[in-house]
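Presented below is the structure to which this report refers.
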Amino acid sequence: HNVPGSPGAAPQFPLCAMQLQSHMHAAASTVTCMRRSSLQSAFSINPEIVCDPLLDFNVWSSLQPINASGRLQPEQQVVLAATRVDSHSFFWNVAPGAEAAVGSFVALLAAAQALHAAPGAQSLPRNVLFVFFQGETFDYIGSSRLVFDMEQEKFPVRLENIGAFLELGQVSLRNNSMLWMHTDPVSRRNESVESQVSLECRERSPSSSGSGVSLEEPGVSQPLPPSSFQRFLRSRSIPGVVLSDHRAEFHNRYFQSIYDTAENIRMRYPEGMSPEEQLDFVTDTAKVATLLARALFSLAGGESGAENVRAEEKTVTRLLYGFLLNSNNSWFQSLIKPDQKGILGPFPQHYVAVSSPTNTTQLLQAVLGNLTGSSANLSREQCQNPGKTPGTLPELYEYWWVQGPLDGNSTSRVPACVRSGVRLSPALSPAFELRRWDSREFSTWTESRWKDIRARIFLVASRELEV
């Protein structure tokens, strides 16, 4: 480079030549980067991985215990209640997802708690399977993997065990407290599916009475909105409904945006409140959870008593605060294991990423386990090694030694053992299991490897000094 100046004069300041090394290994496509990584892994002692597939875990549990290593019999029917967990935006790892994901999975968490507490729920004719899908934003990673595992009999529930499907889409921006019941017009051409879906829609309307939310059908034949249910319909015709706050187009102006924050779903607190006061400040958000719990109770065969099922408003409010504003709160602190303190922090993000399980997955597992589980009278050693204690049934339950709440005004805690049926299942696209990186059937999203940025700067002398 040359800096202009008077003839024969030295530059007014020395020049710098800078060599910048890229901080990311990019590739033209997933096929290219995965092939490069695979070749290096095969022939190099110190392989340099170029990219990683997006992956995490789905979180699931059931109303009645399911043997995680067994298989349900064909006659055993379940109602699958599902929603997505993740979100994204234009910027890496900035994914608040308030309306896109959080409002929905919070409602399902509260509905699971309400259903477990309902009288007679454990003796319902049908079981209820709660599934929280990860990676759905990137071409349905979690749901496509679960369908694949069900078909390969790598999951205790098979596709033929699913008697009904109820999915919660975007539900936080309701107009006039109304939700829309979307169904699949293609599968409804089958007479048996049509009759079950029609019955399901008719039964949902009574369950909405008293919950503060009304249910309506679009009234016209239109495709399903983007939903995990579509992945199941590609493999099998299943009667199901997708609940959403829109009839034909999204109300959410900030879908998959950095602006899809708590303010977008009208979460507001009076001025001057402390974080602990905000955590317990009840807002009008429990209506959908109550509706969902009652609908699941009826779908599972509950003939009476659905009107008594009600979600706790305080639970919904706490969940929204924790997953949208600050997960490092006193309630979440009491639900996690002592070695999980690092997953808590302000401004939670819900990007699926490549390192798993993400903070959201771990928190979701802890919260669901606490809301639907029970206290176990076990010591820390017994809780962490339940297989060595008679009567713990580790094939049916997971055991967590949690920090517990603070002991009065002191800084010490009262730890406890929690027993629950919450499990994790892989949320990695089958395309990478099958090494079909160019698959048109499954998601093939990858993320390039990021490295530390490095630079070298060289001082360039003036031309006069060089001569």
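The values are calculated or read from the model by the stated rules, or taken from the named source; none is laboratory data. These numbers come from a predicted model, not from an experiment. Cβ sites come from the backbone with ideal geometry, for glycine too, and all protein chains shown count toward neighbours. For the accessible areas, the whole protein counts, side chains as well, though only heavy atoms, and no ligand, DNA or RNA atoms are used. Shrake-Rupley method; radii C 1.70, N 1.55, O 1.52, S 1.80 Å.
Just a few scattered comments:
- Flag for residue 231 being of a type in the set (Lys, Arg), outside any strand (DSSP E or B) and over 27 Å from residue 63 (Cα atoms): no
- Pair list, Cβ under 7 Å, 6 or more apart: the stretch 311-339 residue farther than 17 Å from residue 263 by Cβ, other residue part of a helix (DSSP H, G or I) and among the charged types (D, E, K, R): 330/276; 331/318
- Selection of the stretch 193-215 for residues being open to solvent by 50 Å² or more (accessible area, probe 1.4 Å) and either modelled with pLDDT of 75 or more or of a type in the set (A, V, I, L, M, F, W, C) (or both) yields 194, 195, 196, 199.
- Failed condition for residue 414, given (1) in contact with an Asp or Glu (Cβ under 8 Å, 6 or more places away or on another chain); (2) touching a residue at least 60 places away in the same chain (Cβ under 8 Å): (2)
- Strands (runs of 3 or more DSSP E) within the stretch 420-467 that include 3 or more residues buried (at least 19 other Cβ atoms within 10 Å of the Cβ): 423-428
- Checking 332, 323 one by one, the residue that is crowded, with 19+ Cβ neighbours inside 10 Å, in contact with a Gly (Cβ under 6 Å, 6 or more places away or on another chain), of a type outside the set (D, E, K, R) and assigned to a helix (DSSP H, G or I) is 332 and no other.
- Within this structure, residue 292 passes the test of being touching a residue at least 40 places away in the same chain (Cβ under 8 Å), of a type outside the set (Gly, Ala, Ser) and under 24 Å from residue 62 (Cβ atoms).
- Residue within the stretch 263-276 that is part of a helix (DSSP H, G or I), open to solvent by 30 Å² or more (accessible area, probe 1.4 Å) and in contact with a strand residue (DSSP E or B) (Cβ under 7 Å, 6 or more places away or on another chain) present: yes
- Listed by position, the strands (runs of 3 or more DSSP E) contained in the stretch 84-187 that have at least 1 residues being closer than 29 Å to residue 71 by Cβ and without any contact (Cβ under 8 Å) to a residue 12 or more places away in the chain form an empty set.
- Condition met for residue 305 (surrounded by fewer than 18 Cβ atoms within 10 Å (Cβ to Cβ) and closer than 22 Å to residue 135 by Cα): no
- Set 40, 73: member being at pLDDT 90 or above, of a type outside the set (Gly, Ala, Ser) and open to solvent by 40 Å² or more (accessible area, probe 1.4 Å): 73
- When the residues of the stretch 83-102 are filtered to those that are open to solvent by less than 20 Å² (accessible area, probe 1.4 Å) and of a type in the set (A, V, I, L, M), the one that is nearest to residue 59 (Cα to Cα) is 85.
- Of the criteria (1) assigned to a loop (DSSP other than H, G, I, E, B); (2) open to solvent by less than 70 Å² (accessible area, probe 1.4 Å); (3) within 20 Å of residue 88 (Cα to Cα), which one residue 218 fails: (3)
- Per-region count, the stretch 288-311, residues under 19 Å from residue 242 (Cβ atoms), among the small types (Gly, Ala, Ser) and over 21 Å from the mean Cα position of the chain (by Cα): 3
- Among (1) exposed (fewer than 13 other Cβ atoms within 10 Å of the Cβ); (2) assigned to a helix (DSSP H, G or I) - the single one residue 249 does not satisfy: (2)
- Matching residues in the stretch 96-132 - criterion: being more than 23 Å from residue 308 (Cβ to Cβ) and out of contact with any Asp or Glu (no Cβ under 8 Å at 6 or more places or on another chain): 102, 103, 104, 105, 131, 132
- Criterion: open to solvent by less than 30 Å² (accessible area, probe 1.4 Å), without any contact (Cβ under 8 Å) to a residue 60 or more places away in the chain and either among the aliphatic types (A, V, I, L, M) or in a helix (DSSP H, G or I) (or both) - qualifying residue of 224, 243: 224
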